[in-house]
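Report on the following structure.
Quick note: the coordinates plus some simple rules give every number you see, no bench work behind them. Keep in mind the model is a prediction, meaning the values are calculated, not measured. Cβ: placed from backbone, ideal geometry, glycine included. Neighbour counts: every protein chain shown.
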Amino acid sequence: MRGVGLTPPFVPVPTAHARASEASPWVLRFAHLIPPGSPVLDLACGHGRHARALAALGHPVLAVDRDPQALAAVAELPGVRRLAADLEQAPWPLPGQRFGCVVVTHYLWRPLLPQVVGAVAAGGVLLYETFALGQQTIGRPRNPEFLLRPGELLDAVRPALRVVAYEDGFVSLPQPAFVQRICAVREAGTGAEGDDPPKYNL
């Protein structure tokens with residue numbers, strides 16, 4: 001990747017267009033930061049590739065998507081609860097709930113960013129990865145409404161979360177893409193909003 005990295009040296013990982021059945025290597029790379037056994041929110045989960053991977057690591061997972069047919073892919077997975085919700089045209093469906101990890105990949109709805117950050121519990125981690133400006137020059141999505149601006153994820157998480165790793169640039173494998181991704185944690189004991197245990201029950 002050509003871009004900014006806060007945790008050099010950068011080890012290339014092919015995340016831009018992972019097949020639907022494969023969890024993002026970015027998510028897997030930082031999964032060890034999720035507090036053991038803590039609940040995970042897989043937001044805009046699609047067919048549940050991350051719900052599947054993180055449930056296999058022993059985390060109860062809430063998989064949220066507006067498409068009930070996509071959610072059907074995780075219907076039989078132990079430890080995974082499904083929630084069909086329109087994240088863009090309806091109120092935030094999880095008021096007051098916090099998670100040991102919030103995962104978002106290949107999805108951007110800017111008005112939702114404060115709720116995404118707020119859903120991270122004390123000691124929890126946010127793993128976010130999606131397309132960035134520049135992508136419109138080589139493929140989809142082309143609409144700038146769905147492409148992160150330079151540094152946008154950094155601005156979205158600070159000062160509430162501490163950035164562990166951040167990358168913004170171009171990847172060539174498995175397909176060329178411009179991506180931005182972040183791993184950030186909410187440090188416990190800060191007295192800040194959200195400085196409490198996860199609040200979620202399967």
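The table below gives the values:
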| item | result |
| --- | --- |
| Positive dipole terminus of the range 16-88, leading residue within Val61, His32, Gly48 (C-beta point charges) | His32 |
| Length gained when the stretch Trp92-Gln69 is fully extended (0.36 nm per residue, less Cα-Cα span) | 6.2 nm |
| Shape call, the range 43-202: gyration tensor on alpha carbons, a/c limit 1.5 | oblate |
| Dipole magnitude (debye, nearest 20) for the range 69-179, charges at Cβ of Lys, Arg, Asp, Glu | 140 |
| Residue-span extension gain [Arg29 to Arg110] - 0.36 nm each, minus C-alpha spacing | 26.6 nm |
| Cα-based equivalent ellipsoid of the range 42-136: semi-axis lengths in Å, sorted from largest, via gyration tensor | 19, 16, 14 |
| Relative exposure of Arg82, Arg110, judged by other C-beta atoms within 10 Å (fewest first) | Arg110, Arg82 |
| Neighbourhood charge, 13 Å Cβ-Cβ cut-off, centred on Arg149 and excluding it, Lys, Arg +1 and Asp, Glu -1 | -3 |
